[in-house]
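Contents: one structure, followed by commentary.
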Amino acid sequence: MRHTRITGWTIIAGFVLSSLAPTLASAHEFNAKTTPITAEGTNHIFTAGEAIIKCAKAEFKYTGATGKFPSVSIVPAYQECFVHEQEAKVTVEKAEFKFGVVKEVKSGEFSLTSAIVGEGEARLKVTATIEGQSCEVIFPAQAIAGEATKFVNNGGKTGGEVKTKLEKVEYKSNSKCGSGIAKEAKNGKYEGNAAEIGLIIE
């Protein structure tokens, strides 16, 4: 009787493992074919309450190793930024965007989890002069809820496009950016696309 039970559990375990095997085998990863890799985009937008920070140019650099990885970290940079029609500066202080937990949503298109990562006081800082006041908005290091960011391989699988969409983003301000901008909140947003050659998802 005991032998029968052991054999039964062995058969059940075998079925469980075999059912898991396709799932494990189908896991997707980033494949960095070259390094470094630069992605470029236009019209990236940060939203902090009523403050909408628009940057005409955005650049993202991957400087990690070549090969396959479950997540990647990239360093952003922004130029030609404005808030309330005033010139603004977006400074990246020890911060990177980290994308991971890849899930295929349709052929060649994947959803990603997102985070702002970095050591110590890692953050994205927006500064501008609004009505004579030195406005400052900070987006600190944080995990971003949801999987709204997408990655789409290009037709030849030589690279792809990251369609970044971050919601419920934490931010802090120094209360000198005008009305409608909280001193601290978690309803910020960030959105923008960037294309590159050298990184795909497989």
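The values are calculated or read from the model by the stated rules, or taken from the named source; none is laboratory data. Just so it is clear, the model here is predicted, and its values are computed rather than measured. Cβ sites come from the backbone with ideal geometry, for glycine too, and all protein chains shown count toward neighbours.
Are any of the residues in the range 96-106 outside any strand (DSSP E or B) and among the acidic types (Asp, Glu)?
No, there is no match, as no residue in the range 96-106 is outside any strand (DSSP E or B) and among the acidic types (Asp, Glu).
Return the total of residues in the range 130-154 being touching a residue at least 40 places away in the same chain (Cβ under 8 Å) and surrounded by 15 or more Cβ atoms within 10 Å (Cβ to Cβ).
12
Of the residues Lys168, Lys183, Lys157, which single one is in contact with a Ser or Thr (Cβ under 6 Å, 6 or more places away or on another chain), surrounded by fewer than 20 Cβ atoms within 10 Å (Cβ to Cβ) and of a type outside the set (Val, Ile, Thr)?
Only one candidate qualifies: Lys183.
Quick one: which strands (runs of 3 or more DSSP E) sit completely within the range 25-77 and have at least 2 residues that are charged (D, E, K, R) and more than 24 Å from Val105 (Cα to Cα)?
The qualifying strands (runs of 3 or more DSSP E) are 51-62.
Pairs needed: first member in the range 182-202, farther than 18 Å from Gly41 by Cβ; second member anywhere, of a type in the set (Lys, Arg) and part of a strand (DSSP E or B); C-beta distance under 8 Å; at least 6 residues apart or different chains.
Partner pairs satisfying both residue conditions: Lys183/Lys172; Glu184/Lys172; Lys186/Lys168; Asn187/Lys168; Gly188/Lys168; Glu202/Lys68.
When you check Thr38 against the structure, is it touching a Lys or Arg at 6+ places or on another chain (Cβ under 7 Å) and at pLDDT 95 or above, yes or no?
The answer is yes for Thr38.
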